[in-house]
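Structure first, commentary second.
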Amino acid sequence: MIQQTVARLAPLSNTKNVWVVTNGDLRPAITKQLPKIPAKQVLAEPVGRNTAPAIGLAAYLLLRQDPDAVLGLFPSDHVIADEKTFRETLKDGIAIAAAGENIVVLGVRPTRPETGYGYIEVGAPVNSQALRVRRFTEKPDAVRAAEFLEAGNYLWNSGMFLWSARTLTRAMEEHLPKTAALLAKIAAAFGTREFESTFKTLYPKCENISVDYAILEPRSAKGEAASNILCVPADFGWNDLGSWTALYEHRSPDGANLVVADKSFALNASGNYIHAPGKFVAAVGVSGLVVVETEDALLITTLEHAQDVGKVVKYLDEKKLGGLT
């Protein structure tokens, strides 16, 4: 999927302009999968600190090269069905981000009352491509999600953002001044022998927060007229595979059992996602389950509660069990 993410952006930007922020466990695999990206531009966080420090670090690194450079944030777990329309939409967003102190988010028109995505309430049009953002709502319950779908002025937050290096670093300094100062010091050491030690020492001191909570929500809270956050509506067949539920829906749109195993048997069972390579799997009288087995771990949940798996990851981090596969 990370190869696909880079490939669909290639017509718009040289691969030498791609930066990847990941973790130490994944870095070797990523450098192998993306050999055209300079290895020094695949940064492994010493510890996970969510998206605000990660994208903020990239902004400070690029600020030293070109303050007007437009950064795009693209999670690597997205599926894009219509890549041509995706790039056309992206071009509109890049032009808006380059035109001033604008923060641009790509908003996807909702097709169902999804509770696993964040929503963007949009307001007045700025031009033929963009709308002003009124507020962000993170993962509403089923009732509110249905209300948002009915209202017609809510879009899914795709998690894809555009801004200049200057715009983002200024926003970081306004809303996360302590973290911004740390990231500036790390960026200043890039390319020197002190970079790794500086990165390892200072990055864990950064706040653990998403860019949505750190910058976008405080900005939108100022009111539509005062906010510089703009939304470009998008229709390019987007799906976020950041949860087992989304993966199941993507691979089994007809609601059948999706079983990854050597052999399987189902009796009065439907709508399950079971991943147990090398095993025989029998599903009897169950529905809506997610079962994922790896060499040293077993996950059992439901499609309805698959979004809560992030809490398991947090627990593993707290207990120093992050090495599980």
| Within the bounds of region 117-124, is there any residue that is part of a strand (DSSP E or B) and more than 27 Å from Asp77 (Cα to Cα)? | yes
| Looking only at residues in region 133-142 that are touching a strand residue (DSSP E or B) at 6+ places or on another chain (Cβ under 9 Å) and not in a strand (DSSP E or B), which one is modelled with the highest pLDDT? | Pro140
| request: For residues that are of a type outside the set (Val, Ile, Thr) and under 21 Å from Gly56 (Cα atoms), scanning just region 15-34, find the one that is modelled with the lowest pLDDT. | output: Lys16
| said: Being farther than 20 Å from His250 by Cβ and within 34 Å of the chain's Cα centre (by Cα) is the filter here; which residues of region 266-279 pass it? | reply: Ala269, Gly278, Lys279
| task | Can you work out which of the residues in region 26-45 that are more than 19 Å from the chain's Cα centre (by Cα) and open to solvent by 50 Å² or more (accessible area, probe 1.4 Å) is nearest to Phe190 (Cα to Cα)? | result | Lys40
| Any chance region 299-312 includes a residue that's on the phi > 0 side of the Ramachandran plot and touching a residue at least 24 places away in the same chain (Cβ under 8 Å)? | no
| remark: Of the listed residues (Thr31, Thr5, Thr85, Thr51), the one being free of Cβ contacts under 8 Å to residues at least 12 places away in the same chain and touching a strand residue (DSSP E or B) at 6+ places or on another chain (Cβ under 9 Å) is Thr31
| Which one of these is open to solvent by less than 60 Å² (accessible area, probe 1.4 Å) and modelled with pLDDT of 90 or more: Ala98, Ala54? | Ala54
| field | Residue list for region 240-277, filter: touching a Ser or Thr at 6+ places or on another chain (Cβ under 6 Å), within 25 Å of Lys311 (Cβ to Cβ) and of a type in the set (Gly, Ala, Ser) | value | Gly271
| field | Top-ranked residue of region 315-325 - restricted to ones that are open to solvent by 70 Å² or more (accessible area, probe 1.4 Å) and part of a loop (DSSP other than H, G, I, E, B), ranked as nearest to Ser243 (Cα to Cα) | value | Thr325
| request: Output the residue which, of all residues in region 143-169 that are part of a helix (DSSP H, G or I) and in contact with a helix residue (DSSP H, G or I) (Cβ under 9 Å, 6 or more places away or on another chain), is most open to solvent (accessible area, probe 1.4 Å). | output: Arg166
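The values are calculated or read from the model by the stated rules, or taken from the named source; none is laboratory data. Worth saying up front: this structure is predicted, and the values here are computed from it rather than measured. Glycine also receives a Cβ, built like all others from the backbone with ideal geometry; neighbour counts cover every protein chain displayed. These accessible areas exclude ligands, DNA and RNA; they are computed on the full protein's heavy atoms, side chains included. Shrake-Rupley method; radii C 1.70, N 1.55, O 1.52, S 1.80 Å.
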